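Each value in this text was obtained by applying a stated rule to the coordinates, not by laboratory testing. Keep in mind that what you see is a predicted model, and the values were worked out from it rather than measured. Here the Cβ is made from the backbone with ideal geometry for all residues, glycine too, and neighbour counts use every protein chain on show.
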Amino acid sequence: MPTTRLKPLNRQVVVITGASSGIGLATARLAAARGARLVLVARNAEALQTIAEDIRARGGQAEWVAADVADREALDAAARHAEEVFGGFDSWVNDAGASIYGELEKTPIEDQRRLFETNYWGVVHGSLIAARHLRPKGGAIVNLGSVLSDRAMILQGAYSATKHAVKAFTDALRMELERDGAPVSVTLIKPSGTETAFQEHGRNLLGTPGIRVPPPAYDPRLVARAILHACEHPKRDIVVGFGGYAIALMGQLFPRATDLMMEALGETAQTTDKAPAPMRADSLYAPKGDGTERSLTRPVAPVRQTSLLLEAQLHPLATAAILAGLGAAVLGAMAARPFGDGRMRAAPSRRGWR
């Protein structure tokens, strides 16, 4: 999408769904700190009001609309509010999501349908509303997929299916807008396991005290950086965290071996004896315990604050220059390396030649 030109963040109005906790909340706070005007969308009106008031108290501009992303009319109302207050929007971030941990044969179909209503149809509704608004003037649509958009995870089968669907929809929408010459960037963000309330808000059908994202887990502010980069720079996709990327890559190169590894380790890697507080557990059908970027149930593994893979994607030219410099240094060192025992070899005497 080389013709798409996106505004600097401090000149943008950004709509963020799922803004009441986790990645959405981290994105809202970082966007406000960088001067963006915000429209925050989630189901939890009380949490949204508190978040918006905090942003305003720090000098930012934030409006909020309580809406379930499964409800197309409610999202239309959020878009209208952005038009009424700010004259429209420049970027739309589809972050709202839910999760289920459980075996597929033991996961009720109604729960799977509800998961798709949020994770897939919420992205569809938001993207189509945004595309209609942005086609004439340009802007960015940023959808939250997952590394599980590329590789299914055992015991997260329904969630993985929603993220595969989000990837397919996002890729198709990008092609259609590009074919039409619409100046709209469409990006898929693919986080690895992220330390948010995801592990508390997930519906747990495994019979264990608690569930968790498989380690390594990454700070949600890393994902927020990726999202806001996509609001300013046209990108096809951005992966956050090498840990999840490596699993997806293994699944492509060695699918059978990856299957066997997940079958052996999948339950251990995704369960914990730390149970979430009841007021924060299971938000599939109703909001629970919002207002925090990270989980209040301490993770088993340390949370990674950096991602070299992310930095390489956000700064490709600098990364290429660094790699070229390292390559030149290695070649130079090899060229200067002495032969054999450290002494330069003398040319053989011509007298010994036949």
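Taking the Cα centre of the stretch 9-305 as reference, the dipole from Cβ charges on Lys and Arg (+1) and Asp and Glu (-1) amounts to some 720 debye. Which entries of Lys190/Lys274; Lys7/Lys288; Lys137/Lys235; Lys137/Lys163; Lys167/Lys274 show an alpha-carbon separation above 25 angstrom in the structure shown? In this structure, Lys190/Lys274; Lys7/Lys288; Lys137/Lys163; Lys167/Lys274 exceed 25 Å between Cα atoms.
The region of the chain that goes longest without hitting one of the chymotrypsin sites (Phe, Trp or Tyr not before Pro) in a DSSP loop, each with at most 10 other Cβ atoms within 10 Å, is 1-338. Multiplying the residue separation of Met279 and Leu296 by 0.36 nm and removing their Cα-Cα distance gives an extension gain of 5.0 nm.
Find which of Ala70, Thr4, Leu148 sits farthest along the positive direction of the dipole of the chain, computed with +1 on the beta-carbon of Lys and Arg, -1 on that of Asp and Glu, about the Cα centre. Ranked along the dipole, the leading option is Thr4. Taking the helices alone, the chain has a mean residue ellipticity at 222 nm of -14500 deg cm²/dmol, built from -39,500 (n - 2.57) per DSSP H run of at least 4 residues and averaged over all its residues. Are there DSSP H segments in the chain that both extend 27 Å or more along their axis (alpha-carbon positions) and score a mean Kyte-Doolittle hydropathy of at least 0.0? List them, or say none. The answer, listed by residue number, is 316-336.
Each of Ile23, Ala281, Gly138 was placed along the dipole of the chain (beta-carbon charges, centred on the mean Cα), and the one lying farthest toward the positive end is Gly138.
DSSP beta bridges fully contained in the chain are about 5 percent antiparallel.
In angstrom, the C-alpha Rg and Dmax of the chain are 23.8, 95.
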